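Shown next, in structure tokens, is the structure this report addresses.
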Amino acid sequence: VDSMAQGSTPIETEELDEETAQIYKIAEKTYRRGDIRTAIGLYQRAFELNPNNPWPMLRVGEILNDHGEPLAAGQAYRQVLAVDPLNAEGKRGLGITFMKRGQFDLAIEQFADGLAIEKNTKLLNVMGVAYDQKGERQTAQRYYQEGLELDKDNLSLRSNYGLSMAYEGRHNEAIAMLYPLSKEPTATIQHRQLLAMAYSLAGDFDAAEQTTRIDMDDVDVAKRMRYFHSLQPAEPSTAESIDVIEAEPLSN
């Protein structure tokens, strides 16, 4: 669900005591090495030592969401909100756990609560994605537009807005938005795959294949093209949208 990815939660280490900050830093190194379970245990330990600072538990929720464990992520975000009920990032994370489980109305409730606390591009982006998942394109696009008023260059918002238009049948507008975006230096495979999807929804499978070949070998291209041929314009793939969100870089 951050149809594109958002980068890791920034830790306010200056708010932590020395021991807790040290544990957090070790947890980050452990996570980067790929030892996810040990890292989560260390983040939880940092939170236990400094329970008034929700940042380590936000990180746990984010990691669990990224690794396909939304139920466990939801428990982490609830711990955040128990300590800090007005934590907008906690609301966003909890909403994403609902979205990953297909509970879009519950997700929207959390995102709306978050936006009442703090209006930011990450929340506006996921709110748009949630409405897109419900097939409510115009409502979704209003949230993307609102986010772009705050940050006109935001890749996640622009990508998700373009994909929404593609699913709505506004193919030329969608491609006009997604093509230049795919050429930007910070664009990733996810951005290019959204352009390929927009081409496929427009019925231009040759362009979709050419775009897919930028990043994939023959086997993966064939698999991707089978997926594109199976797409129905009215039915976005939940997995795709969620990829998009998390995408900041793709998502903020």
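The values are calculated or read from the model by the stated rules, or taken from the named source; none is laboratory data. Model, not experiment: these values are computed from the prediction. Counting neighbours? That spans all protein chains shown, and the Cβs are built from the backbone with ideal geometry, glycine included. These accessible areas exclude ligands, DNA and RNA; they are computed on the full protein's heavy atoms, side chains included. Shrake-Rupley method; radii C 1.70, N 1.55, O 1.52, S 1.80 Å.
Can you tell which of Ile175, Phe98, Tyr227 lies farthest toward the positive end of the dipole of the chain, using +1 and -1 charges on the Cβ of basic and acidic side chains (Lys, Arg; Asp, Glu)? Value computed over the given set: Tyr227.
When Val83, Val60 are compared by accessible area at a 1.4 angstrom probe, the order from most to least is Val83, Val60.
One quarter of the surface of the convex hull around the alpha-carbon atoms of the stretch 140-193 equals 3.4 nm², the direction-averaged projected area. Per the Kirkwood formula applied to alpha carbons, the stretch 59-173 shows a radius of gyration over Rh ratio, Rg over Rh, of 0.99. Calculate the FRET efficiency for Asp204 and Lys134 from the Cβ-Cβ distance with a Förster distance of 25 Å, rounded to the nearest 0.05. Between Asp204 and Lys134 the formula returns 0.40.
Compared with the rule-of-thumb size 2.2 N^0.38 Å for a compact globular protein, the stretch 107-168 has a Cα radius of gyration ratio of 1.00.
Glu18 to Ala82: extension gain in nm, 0.36 nm per residue of separation minus the Cα-Cα distance?
On the way: separation 64, 0.36 × 64 = 23.04 nm, distance 2.39 nm.
Taking Glu18 through Ala82 to full extension adds about 20.6 nm, to one decimal.
Helical content alone sets the calculated 222 nm signal of the chain at -22500 deg cm²/dmol, taking -39,500 (n - 2.57) per DSSP H segment of four or more residues and averaging over every residue.
Between Arg101 and Lys29, the simple spin-label model (points 7 angstrom out along Cα→Cβ) gives 3.6 nm.
Ranked by the mean number of other Cβ atoms within 10 Å of their residues, highest first, the peptides 205-213, 126-134, 61-69 come out as 126-134, 61-69, 205-213. Calculated accessible area for the stretch 51-135 comes out at 37 Å² per residue, all protein chains present (probe 1.4 Å; ligands, DNA, RNA ignored). Rg over Rh for the chain works out to 1.01, both radii taken from alpha-carbon positions and Rh defined as the Kirkwood radius. Taking only protein heavy atoms and a 1.4 Å probe, the accessible area of the stretch 36-100 is 52% carbon and sulfur.
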